[in-house]
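Student: Below is one structure. I have some questions about it.
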Amino acid sequence: MTMKLAEKCEPIRLLLSDVDGVMTDGRLGFDNQGTESKQFHVRDGQGIRLWQQSGGQMGIVTGRSSQIVKLRAVELNIEIVRQGVDDKLGVVQAICEQLEIEPAQVCYVGDDLPDLAVFGNVGLSIAVADAAEELCQAADYTTSLKGGDGAIREVVELLLKNTGRWEAAIRKYQS
C-alpha cells in the first residue's frame, strides 16, 4: 500500500535540494577567465521564501562547489549549504542529526544519479521533470517543471497546499 502524497508532505520540515539541474537548468557557463555562471529562476527564490515564512527550513546539497551558490544562498537566507559533496546520503543523514530531525521529515529534490541514494532514505523524494529516468522511477513525485524553470517553487506549492498552509502563505500578497 502506497502512502498518499498529502501524508508524505505532512511531516516535512526540511526541504533539501541539489543545485545544478534542479535550481538551475544544469548548464554550466564559463567566460574566458574561467568564471562560472548559473541562472536561477526568480519564482524558485520566492517559493523558498514562502517555505521559510511558513516555518520550513531550506538547504542545499550539491556535488559541485561555486561562489555563485554561496551568493544565492545568502540572498535567500539558506543557512544549510553543503558543496563539493560526494556522498549525498551521508551528508543528508549528518544534517538530520545536526538538526535533530528524522529523515522522514526531509523532502529532497534531485535530478541525476548522485541523488538516487538519498531518494530511498527521506520522507519525500522529488525528481524534476527532466531528471534521469532512474530518479523519476524512484521518486515519490516528479515535477511538471524542469530544473531551473521553477521546479522548486512547484515543490513548495505542493508541500504547502498538501498541508493546508498555502492560503496563509499567500495571504499577504492578496488585496
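Student: Taking the stretch 6-35 only, how many residues are in contact with a helix residue (DSSP H, G or I) (Cβ under 6 Å, 6 or more places away or on another chain) and loosely packed, with under 14 Cβ neighbours inside 10 Å?
Tutor: Looking only at that region, the number is 1.
Student: Among what's in the stretch 68-85 and is more than 15 Å from the chain's Cα centre (by Cα) and free of Cβ contacts under 8 Å to residues at least 24 places away in the same chain, pick the residue that is surrounded by the most Cβ atoms within 10 Å (Cβ to Cβ).
Tutor: Among those that are more than 15 Å from the chain's Cα centre (by Cα) and free of Cβ contacts under 8 Å to residues at least 24 places away in the same chain, it is 70.
Student: Looking at 108, 173, can you tell me which residue is surrounded by fewer than 16 Cβ atoms within 10 Å (Cβ to Cβ), of a type in the set (Phe, Trp, Tyr) and over 23 Å from residue 36 (Cα atoms)? Full working, then the answer.
Tutor: Values: 108 fails: surrounded by fewer than 16 Cβ atoms within 10 Å (Cβ to Cβ).
Criteria check complete, one pass: 173.
Student: Right, next: Exactly one of these conditions fails for residue 19: (1) closer than 20 Å to residue 161 by Cα; (2) at pLDDT 95 or above. Give me its number.
Tutor: (1)
Student: Taking the stretch 131-149 as the search range and keeping residues that are surrounded by fewer than 21 Cβ atoms within 10 Å (Cβ to Cβ) and in contact (Cβ under 8 Å) with a residue 24 or more places away in the chain, which one is farthest from residue 39 (Cα to Cα)?
Tutor: My answer is 140.
Student: Next question. Please go through the stretch 20-45 and give me each residue that is among the polar types (S, T, N, Q) and within 13 Å of the chain's Cα centre (by Cα), ordered by number.
Tutor: In the first step, residues of the stretch 20-45 are kept if they are among the polar types (S, T, N, Q); the result is 24, 32-33, 35, 37, 39.
The one that is among the polar types (S, T, N, Q) and within 13 Å of the chain's Cα centre (by Cα): 24.
Student: Considering only residues that are outside any loop (DSSP other than H, G, I, E, B), of a type in the set (D, E, K, R) and touching a residue at least 40 places away in the same chain (Cβ under 8 Å), look in the stretch 1-43 and name the one that is farthest from residue 113 (Cα to Cα).
Tutor: Taking the stretch 1-43 as the starting set, the residues that turn out to be outside any loop (DSSP other than H, G, I, E, B) are 5-9, 14-17, 29-30, 36-37, 42-43.
Add one more test, that the residue is of a type in the set (D, E, K, R), and what stays is 7-8, 36, 43.
When the remaining residues are screened for being touching a residue at least 40 places away in the same chain (Cβ under 8 Å), the result is 8, 43.
Details: 8: 23, 43: 26 Å.
Going through the qualifying residues, I end up with 43.
Student: Further question: Just need a number here: residues in the stretch 55-74 that are at pLDDT 95 or above and in contact with a Phe, Trp or Tyr (Cβ under 9 Å, 6 or more places away or on another chain).
Tutor: The number of residues fulfilling the criteria is 4.
Student: Moving on to the next point. Name the single residue, out of those in the stretch 150-170 being of a type in the set (Asp, Glu) and surrounded by 12 or more Cβ atoms within 10 Å (Cβ to Cβ), that is nearest to the chain's Cα centre (by Cα). Walk me through how you get there before you give the answer.
Tutor: As a first pass, look at the stretch 150-170 and keep what is of a type in the set (Asp, Glu): 154, 157, 167.
Now narrow it down to the ones that are surrounded by 12 or more Cβ atoms within 10 Å (Cβ to Cβ): 154, 157.
Details: 154: 10, 157: 12 Å.
Among those that are of a type in the set (Asp, Glu) and surrounded by 12 or more Cβ atoms within 10 Å (Cβ to Cβ), it is 154.
The values are calculated or read from the model by the stated rules, or taken from the named source; none is laboratory data. Since the structure is predicted, the reported quantities are computational estimates derived from the model, not experimental observations. Note: ideal-geometry Cβ built from the backbone for every residue, glycine included; neighbour counts use all protein chains shown.
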